[in-house]
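First comes the structure, then the notes that go with it.
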Protein chains: 4
Amino acid sequence: MAGNSFGTLFRFTTFGESHGPAIGCIVDGVPPRLPLDEAFIQGFLDRRRPGQSRFVTQRQEPDAVRILSGVFEGLTTGTPVMLEIVNQDQRSRDYGEIRDRFRPGHADWTYQAKYGIRDHRGGGRSSARETASRVAAGAVARRVLETAPAPVTVRGALVQVGPHRVDRARWDWAEVERNPFFCPDAGTAALWADYLDGVRKAGSSIGAVVEVVASGVPAGWGEPIYDKLDGDLARAMMTINAVKGVEIGAGFAAAELSGEENADEMRAGPDGQPLFLSNRAGGILGGISTGQDIVVRFAVKPTSSILTPRRTIDTAGHETEIVTKGRHDPCVGIRAVPVGEAMMACVLADHFLRHRALVGAPGPVGNGGPVEDGDPVGG
Amino acid sequence: MAGNSFGTLFRFTTFGESHGPAIGCIVDGVPPRLPLDEAFIQGFLDRRRPGQSRFVTQRQEPDAVRILSGVFEGLTTGTPVMLEIVNQDQRSRDYGEIRDRFRPGHADWTYQAKYGIRDHRGGGRSSARETASRVAAGAVARRVLETAPAPVTVRGALVQVGPHRVDRARWDWAEVERNPFFCPDAGTAALWADYLDGVRKAGSSIGAVVEVVASGVPAGWGEPIYDKLDGDLARAMMTINAVKGVEIGAGFAAAELSGEENADEMRAGPDGQPLFLSNRAGGILGGISTGQDIVVRFAVKPTSSILTPRRTIDTAGHETEIVTKGRHDPCVGIRAVPVGEAMMACVLADHFLRHRALVGAPGPVGNGGPVEDGDPVGG
Amino acid sequence: MAGNSFGTLFRFTTFGESHGPAIGCIVDGVPPRLPLDEAFIQGFLDRRRPGQSRFVTQRQEPDAVRILSGVFEGLTTGTPVMLEIVNQDQRSRDYGEIRDRFRPGHADWTYQAKYGIRDHRGGGRSSARETASRVAAGAVARRVLETAPAPVTVRGALVQVGPHRVDRARWDWAEVERNPFFCPDAGTAALWADYLDGVRKAGSSIGAVVEVVASGVPAGWGEPIYDKLDGDLARAMMTINAVKGVEIGAGFAAAELSGEENADEMRAGPDGQPLFLSNRAGGILGGISTGQDIVVRFAVKPTSSILTPRRTIDTAGHETEIVTKGRHDPCVGIRAVPVGEAMMACVLADHFLRHRALVGAPGPVGNGGPVEDGDPVGG
Amino acid sequence: MAGNSFGTLFRFTTFGESHGPAIGCIVDGVPPRLPLDEAFIQGFLDRRRPGQSRFVTQRQEPDAVRILSGVFEGLTTGTPVMLEIVNQDQRSRDYGEIRDRFRPGHADWTYQAKYGIRDHRGGGRSSARETASRVAAGAVARRVLETAPAPVTVRGALVQVGPHRVDRARWDWAEVERNPFFCPDAGTAALWADYLDGVRKAGSSIGAVVEVVASGVPAGWGEPIYDKLDGDLARAMMTINAVKGVEIGAGFAAAELSGEENADEMRAGPDGQPLFLSNRAGGILGGISTGQDIVVRFAVKPTSSILTPRRTIDTAGHETEIVTKGRHDPCVGIRAVPVGEAMMACVLADHFLRHRALVGAPGPVGNGGPVEDGDPVGG
């Protein structure tokens, strides 16, 4: 049973291989009468697009999206929205040498083991190119979130590259759009630039951590016990290429916290709702949104395509070595930022509709603002 | 749209509140002609059962399971397996004071915000008592896994309590069953006993980290792009009460690894399959099992029920304080071990059937054994 | 992949065999704060209960339902509603002779062929006893429909027994509750009583047709293209034991109609909505409700359990004969009436929630009333 | 919650409007290593294509299909198969007059009521043009069925046009491909030609009945209780445009049969399997295939687009009249034959995979051959 769909009520199904004629998705469950055009979606695709700085793959793809259905005279009609992106820069010649050898750290071996066949060109279906479809779907999800009772904002940032973490005291969301790393601090961005130039010149690669924050989500989204909001976010992020870990709020740091430190105390807020004094929970308790900011972080492993020869086997089972040439991201975590945002938006759009189905109207919006300390990880 | 089912082909649906008449689940998708009786399931429930040491809640529940359908003359029939556990020790009187006040860190406020109503007794549906149903379903999943091409073993251990991590050099799976912590090292277990006595006497609580390992899983399980094996495991673990983070293989440590360090090199193994020289991937590449051990870790926050008064509000929106008396786990991470195992077993059983549906027969088994270094986190 | 769940947002999963300890269902997706108690559900179960007249099976079952979860202080909580019915009159001794012989027309052979094992007692899982769970779920669905923008009424009637069709000119819904056939005309009921006495005394059985009508459904329910309202109703009814055909509105008679006869013309109704001049469509166009009465009919085959010896084979493949003694319905179509109603209610509750999820509010209610001619079949 | 996907394990999702840039589908769950190319799919699309005789719509569409993903070097890869058909003959000018008026019998009013917006051009999403996507998916399903334990053949025929039923005594499957009606008898085809010329010249339309038969299906496919094979077939056929009734085997005729007449007796067949003496059941008992031919019939209402003025209202709620000009099928039932076949193939492919998932291997093949009388309806 294949699994190329994501979401339940807001649901998208993607198709396409790295070097096939096109990639894209059908988004089903888009409410009618939402404004939608290609320019809006393109804006998000452009943030993820390769070739925009020396720190990402040099593959040239305009990633121009076309809406093939579901929109009439500028508005969604409630029918499936088909989004298609034609592949341009396929350069299959680069990939001849990986036809018969399995690249360590890539999905070459597992696809062969599972399916007994694989489109090796550029990683085929397992290529990070698939994430463009996610970003396109995420743009539609943002349109859905605009109809929520209060505006929902979804923003992401790179917060760690190798050993270098962002300086949280200098966090500035506006800065995220000003550097090639989606880094919320200019100083850290400069440091990363130097560091990554070294990685890149060594033909190596490095891991990273991405943080995505949603503000304005009302209390009440999430469907216990198995479709909890955090469960769906964990799945969403873990399915992004190269992701190896996901945490919510305090995350793994919670293992070292006492009950006193961890439980977010409450004071009376507006309309009888709580004003939370901290946000260790990352905006989710019992799998349901609290009204606070939803805070998710995920770890991205280093690109497995490097210039150092690595030991491997070929399709005949013989031992050999491989060097992965071609155009690759020295830190694939960078371009994972808009992908993480898109997945967050899709999960939230889905849960907005799910909550509306069950309860008929969304719950109240809590405070996303002042917390006792600024750091959800608890310092 | 509620979400009380887990899995697609091997699928269970749970019901029940902490202080209602019963809890349990319907397991659908159980292949026919598997041996199954109550004693087999009971063995797993007993590992999770409360009241077994001074380090867990003192609630007395025999957690006796009854099979109400789907088994005939000792064998499954392919029809739904209904598992029921009658609640015994309900003692609702303990919970009167939380009827009108929201316990910080618990799901009291979010359930009220979402549903406009809640069964406050013992946390109602949000109580960790629900995890008994998961463990029962997990036992059935193990029966399914016995029919896989090679024996699949699922084992869990507690690897961190507060700041104290297990000594991995002394890891001994047999030790796990000999101490009240599911700790794989006797020395660490002794240290935790002292530490947790202090926590318990202070009326406090502490977080923890659990690790679950599956051995014998053949290469090929997992359904890209959205039902990847790691995505489903992340969701599975994140839906367990109090879990705030999940990682696979190197996990968050991968953020600091280079491409050279991270990619698991391959040599020729038996039958033309790879012998991996390390297992940073935690047994999953591209969302598909590699044939190596599958290694998942998850962080459990401290129990929010503590004896220190915490600031909160009541259902009328007034500010107040609360002390959560009653019977609670000072370290809820302990009893999360068998629950984590159960969820791993359920995810694997589901993907075993999914792979069989798509491809007709499972892929080859890789090596779960010798790796270049013993630590998947890469030291 | 087993299939013991029905519905998407309003979703129930049933369990249990004819002669096991209990049957029942978990209903997930029940909105919170609906009044629900056992007495309400019991009322519907009592209509379907066996042993109420000489025209149905004499098995004595009180079919007493117990709510095990999801209701707190008389209101639903939004969590799963578990409904359990303990089996009383199991009398397994009646069924010894069918252990090794396949009853023609029953599912004995197909269950054996599919699963390689079967609980033969009373038909096991394939027994019509399972429909009690549907009726229980249907009662909950009615509670959901009470929250629709206008009251939705679901009523069923038996309209044909063998060659004898009901006199539609004398249709009186009140009469349905006054005779043992759910017949809307007393005269026809008297005729059926005589006819069925003959069938019963001959140890034979006969087929029937059931009609179910929903009034008050607003325009707009149904989800094209594959979850059309009529598609879901067709599936719902066809899964009821012994059903062999389903039709909507004019149904098979539409094959002989011209476009002029078939298309329901419209005049201006209240609030700018249409007043339809006929209802050949049975209240559904393009898979979406029109606001008119929704009219579904289904054909029920004769009970396969008869006293005439029939040729068959045994589990060893040898030719033999079988007479099905025991307690059976001479016309199983009678008790299918409340089951058909329940399935209609469940489909509508599901689509009410689905429409609410997608669009946020239900569409307008059309006219369910005056049509050009009284007969949706077009005379 | 929208519903544009069909199937569970073999699952396709369609998109596209009658006059948008393209229509098509993503087929997910296609097993790897099946031969597939555009020519194979095109053969089935050509059978459904408009403009092939004077008895169907004159819209000119080559319906040329393109495979955009999921196939590598002539074989499926196990990844999503994207099939795209570009719309050519859009001629939107024909449809200007239906922008503001609701055509009786069409889905114009219900789409407006549900979504508050509609693409009126050619019926938009509700157009029968969508069925081309089903036929394309059905071609892929046939490839899947080729891997079943025995060859599965799916064939359809038109068996009734208005009052004129096919002469079953002269049934010849080969004749189906020789006349423009998919009629299995040349004499009946000639009669229909005359009859339909009259209908066409009168600017009217007429209903029809289609029969689809699957041979070679082994015993054991179908998933009780709610995903029974007949339930899924009923849903599949009822979602085809203009279908108002579905029946299996004896269908509605079963209402007039006695238990003796209806139950298909069994004799010993090869390999200990039954040789059925009749097939009233239409190849399905208890929702599971018996190994006999699976026989489904469905009623198609007359095209609602006719030249006689019909009373209706406009979008402002005012009373008016409408004549539907343009290019329409006088008997839309004709082109429903390949669509019905496609849906049967998709349902069977899905259940083949579902059965394989649950049981691991398909059950035995029964006899599809000699029955006591030739007519499943019991003549």
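The values are calculated or read from the model by the stated rules, or taken from the named source; none is laboratory data. Model, not experiment: these values are computed from the prediction. Neighbour counts are summed over all protein chains in view; Cβ atoms, including those assigned to glycine, are modelled from backbone coordinates with ideal geometry.
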Where residue C:264 falls short, out of the listed (1) modelled with pLDDT under 95; (2) crowded, with 24+ Cβ neighbours inside 10 Å; (3) not hydrophobic (A, V, I, L, M, F, W, C): (1)
Residue list for segment B:165-182, filter: under 18 Å from residue B:297 (Cα atoms) and among the aliphatic types (A, V, I, L, M): B:166, B:169, B:176
Selection count, segment C:91-133, where residues are surrounded by 24 or more Cβ atoms within 10 Å (Cβ to Cβ) and over 20 Å from residue B:78 (Cα atoms): 3
Failed condition for residue A:173, given (1) among the aromatic types (Phe, Trp, Tyr); (2) closer than 24 Å to residue A:343 by Cα; (3) in contact with an Asp or Glu (Cβ under 9 Å, 6 or more places away or on another chain): (3)
Residue A:269 vs. criteria under 28 Å from the mean Cα position of the chain (by Cα) and under 29 Å from residue B:127 (Cβ atoms): no
Unique match (being crowded, with 24+ Cβ neighbours inside 10 Å and of a type outside the set (A, V, I, L, M)) among C:194, C:230, C:271: C:230
Unmet requirement for residue C:328, which otherwise passes all of (1) touching a strand residue (DSSP E or B) at 6+ places or on another chain (Cβ under 6 Å); (2) closer than 23 Å to residue D:256 by Cβ; (3) outside any helix (DSSP H, G or I): (1)
Qualifying positions in segment D:302-313 - within 7 Å of chain C (Cβ to nearest Cβ), closer than 25 Å to residue D:51 by Cα and either surrounded by fewer than 23 Cβ atoms within 10 Å (Cβ to Cβ) or of a type in the set (Lys, Arg) (or both): D:308
Any hit, segment C:142-150, residues being touching a residue at least 60 places away in the same chain (Cβ under 8 Å), aliphatic (A, V, I, L, M), closer than 30 Å to residue C:324 by Cα and away from chain D (no Cβ under 11 Å): no
Count - residues of segment A:282-320 that are under 30 Å from residue A:61 (Cβ atoms) and touching a Pro at 6+ places or on another chain (Cβ under 6 Å): 2
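Here is a yes/no grid of residues against (1) at pLDDT 95 or above; (2) within 30 Å of residue D:112 (Cβ to Cβ):
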{"position": "A:59", "(1), (2)": "no, no"}
{"position": "A:77", "(1), (2)": "yes, yes"}
{"position": "A:89", "(1), (2)": "no, no"}
{"position": "A:125", "(1), (2)": "yes, no"}
Segment A:189-233, residues that are farther than 18 Å from residue A:353 by Cβ, of a type in the set (A, V, I, L, M, F, W, C) and outside any helix (DSSP H, G or I): A:202, A:206, A:208, A:209, A:210, A:212, A:213, A:225
Scan of segment B:38-75 for residues that are touching a Cys at 6+ places or on another chain (Cβ under 9 Å) and surrounded by 21 or more Cβ atoms within 10 Å (Cβ to Cβ), ordered by number: B:56
Count of segment A:242-279 residues which are without any contact (Cβ under 8 Å) to a residue 12 or more places away in the chain and of a type in the set (Lys, Arg): 1
Residue B:166, sole failed condition from (1) in contact (Cβ under 8 Å) with a residue 24 or more places away in the chain; (2) closer than 29 Å to residue A:230 by Cα; (3) crowded, with 23+ Cβ neighbours inside 10 Å: (1)
Every pair of residues 6+ apart whose Cβ atoms lie under 7 Å, when the first sits in segment A:54-72 and is without any contact (Cβ under 8 Å) to a residue 60 or more places away in the chain while the second is part of a strand (DSSP E or B) and surrounded by fewer than 19 Cβ atoms within 10 Å (Cβ to Cβ): A:68/D:22
Those residues of segment A:300-313 which are modelled with pLDDT of 95 or more and over 16 Å from residue B:257 (Cβ atoms), in sequence order: A:311, A:312, A:313
Among the candidates C:316, C:236, C:299, residue that is assigned to a helix (DSSP H, G or I) and either among the hydrophobic types (A, V, I, L, M, F, W, C) or more than 7 Å from every other protein chain (Cβ to nearest Cβ) (or both): C:236
Count of segment C:242-272 residues which are out of contact with any strand residue (DSSP E or B) (no Cβ under 8 Å at 6 or more places or on another chain) and assigned to a loop (DSSP other than H, G, I, E, B): 0
So residue A:46, is it at positive phi and charged (D, E, K, R): no
The listed residue being within 27 Å of residue C:9 (Cα to Cα) and either hydroxyl-bearing (Ser, Thr, Tyr) or within 15 Å of the chain's Cα centre (by Cα) (or both), out of C:217, C:210, C:152: C:210
Matching residues in segment A:197-225 - criterion: being at the interface with chain B (Cβ under 7 Å from one of its Cβ atoms) and either in contact with a His (Cβ under 8 Å, 6 or more places away or on another chain) or crowded, with 23+ Cβ neighbours inside 10 Å (or both): A:205, A:206, A:207, A:208, A:209, A:219, A:220, A:223, A:224, A:225
All positions within segment C:6-30 that are out of contact with any Pro (no Cβ under 9 Å at 6 or more places or on another chain) and closer than 19 Å to residue B:16 by Cβ: C:11, C:12, C:21, C:22, C:23, C:24, C:25
Lone qualifier among B:213, B:154 - being at pLDDT 95 or above and either touching a helix residue (DSSP H, G or I) at 6+ places or on another chain (Cβ under 6 Å) or of a type in the set (Asp, Glu) (or both): B:154
Residue in segment B:352-367 that is out of contact with any strand residue (DSSP E or B) (no Cβ under 6 Å at 6 or more places or on another chain), more than 11 Å from every other protein chain (Cβ to nearest Cβ), surrounded by fewer than 24 Cβ atoms within 10 Å (Cβ to Cβ) and modelled with pLDDT under 90 present: no
Top-ranked residue of segment A:274-288 - restricted to ones that are more than 7 Å from chain B (Cβ to nearest Cβ) and assigned to a strand (DSSP E or B), ranked as surrounded by the fewest Cβ atoms within 10 Å (Cβ to Cβ): A:275
Residue list for segment B:70-88, restricted to those being in contact with a Leu (Cβ under 9 Å, 6 or more places away or on another chain) and within 23 Å of residue B:9 (Cα to Cα): B:70, B:71, B:74, B:75, B:76, B:78, B:81, B:82, B:83, B:84
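Hey, among A:280, A:327, A:235, which residue is within 29 Å of residue B:285 (Cβ to Cβ), in contact with an Asp or Glu (Cβ under 8 Å, 6 or more places away or on another chain) and at pLDDT 95 or above?
Details: A:280 fails: within 29 Å of residue B:285 (Cβ to Cβ); A:327 fails: at pLDDT 95 or above.
Answer to the selection: A:235.
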